[in-house]
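Since the structure comes first, as structure tokens, the remarks are kept for the end.
The values are calculated or read from the model by the stated rules, or taken from the named source; none is laboratory data. Everything numeric here is computed off the predicted structure, so don't read it as measured data. Cβ placement follows ideal geometry from the backbone for every residue including glycine, while neighbour counts extend to all protein chains displayed. Protein only, heavy atoms only, side chains kept; ligands, DNA and RNA dropped before computing areas. Shrake-Rupley method; radii C 1.70, N 1.55, O 1.52, S 1.80 Å.
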Amino acid sequence: MSDAATRTDPSDAWLAHAGEVAQWAVLLLGWLWLGEQGMRLGWSMASGVLAVAVWWAARIVCRGSGWAFQTASSVMGVCGVLTACGVWLPGLLARPAAAHAGLLVLAAVWGLWSALIETRTRVSTFQMGRVAWHPLVAAGLVSGAWRMPGSDTAAPWGVSLLLALCAALVYARDRHGSGRVSACRGQRAGLHTCLTPSAMGLMMGTLWLGNVWCAGLGWSTGQMVAVHLALMAGLPTLVGLVLHGLNRLPEWAGGLSSEQLTYASLALLCLGALMGLGNSAVSSVLAMLLPSLGWAVHCNRHRSPVGGALMRPRASRGMALLMGPVLLVGVGMASPWHGPLAVQSALAVLGALAAWQAAALWWRTHPRWRQSALLAILR
């Protein structure tokens, strides 16, 4: 989030809310449509998840950069128009290899546009009101655009029209913003800030793999899409409502701290990784639900820093790339031979890192406990 106040002028509130819905729609469509087209057009390598990985990597590399802060609003508008028009490109190319190459180019432009939107937004979804309803509205729009009546995968009318509308809204919001900023007010990130987003991205990126665990649950394609949209768009709203209700209780005055929410998100990721090792339907559902809950808690936590080793921006981007797009490509390459074990192993790695990070944060932020443990060891 950019270095600007989160309060908006009441006369401009409609534009801020509409832009926030558009931002969520661009994000959800990136996971959903690029993944579907990647599986339809993809090469044998990485099972077609390359398009999602390219889009995800472009977002990570460009988000928060000095160029993203200082570029003109017209660049954001051009990227949005190119993305809205570019969804037609794969269908216009006859050869499968050329169509998939066009999809990868579109994914890179889409990722650049998403990074500009996320970098230059001046509001937070979870600070714009008591209820963070924007993800739910965006999920409804995305669901309608994904299967617009009378359209098919070769004629993405709904996706193109929705992206064009989103491009107009985010461009207008950026042009109407109060001045341009040149730095981000957020603190340098630690490893714990990358883990739950990586787990959520891994589940969204592997949505279209035919041999992931959700295929074993007997769900149809529409049901799988609905569940994944609910996990990514519905859970943050639900968790925000629960936390808002807790803040109103006298015994929870002041709400949960950023440190407590960080521990909660890491713990949920650890539990989800353990559930992923099971073979029952219940464990499969919990393996998707618990890390998604951890990501929803992560979205609702305060931006104040949590004690621990903070990485430099380049190191933070490198870790996000390694645990996000690179891990996703590795899962895609391993899935044809190892099936659901590839996704389960990736989540197990993230869960182990989450457990280690939670222990490290506890060790650094509780000096009295650390001193007592050291004295006990020495004795």
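Miscellaneous remarks
- Share of carbon and sulfur in the accessible heavy-atom surface of the stretch 216-301 [1.4 Å probe, %]: 68 percent
- Accessible-area order (highest first, 1.4 angstrom probe) of the listed residues W219, W356, W295: W356, W219, W295
- In sequence order, calculated HN-Hα J values of the stretch 321-332 (Karplus, 6.51, -1.76, 1.60; Hz; x Gly/Pro): 5, 5, 8, x, x, 5, 5, 5, 5, x, 5, x
- Take the Cβ atoms of R40 and V78, set R0 to 25 Å, and the FRET efficiency comes out at 0.35.
- The Cα-based radius of gyration and maximum Cα-Cα distance (Dmax) for the stretch 272-364 are 14.9, 43 Å.
- Of all accessible heavy-atom area on the stretch 25-102, the percent that carbon and sulfur account for (1.4 Å): 71 percent
- Legend: calculated FRET efficiency, A355 to A230, from the Cβ-Cβ distance at R0 = 30 Å, rounded to 0.05, equals 0.65.
- q = 0.16, 0.18, 0.20 Å⁻¹, the stretch 48-178: log10 I(q)/I(0) [Debye, one scatterer per Cα]: -0.90, -1.11, -1.30
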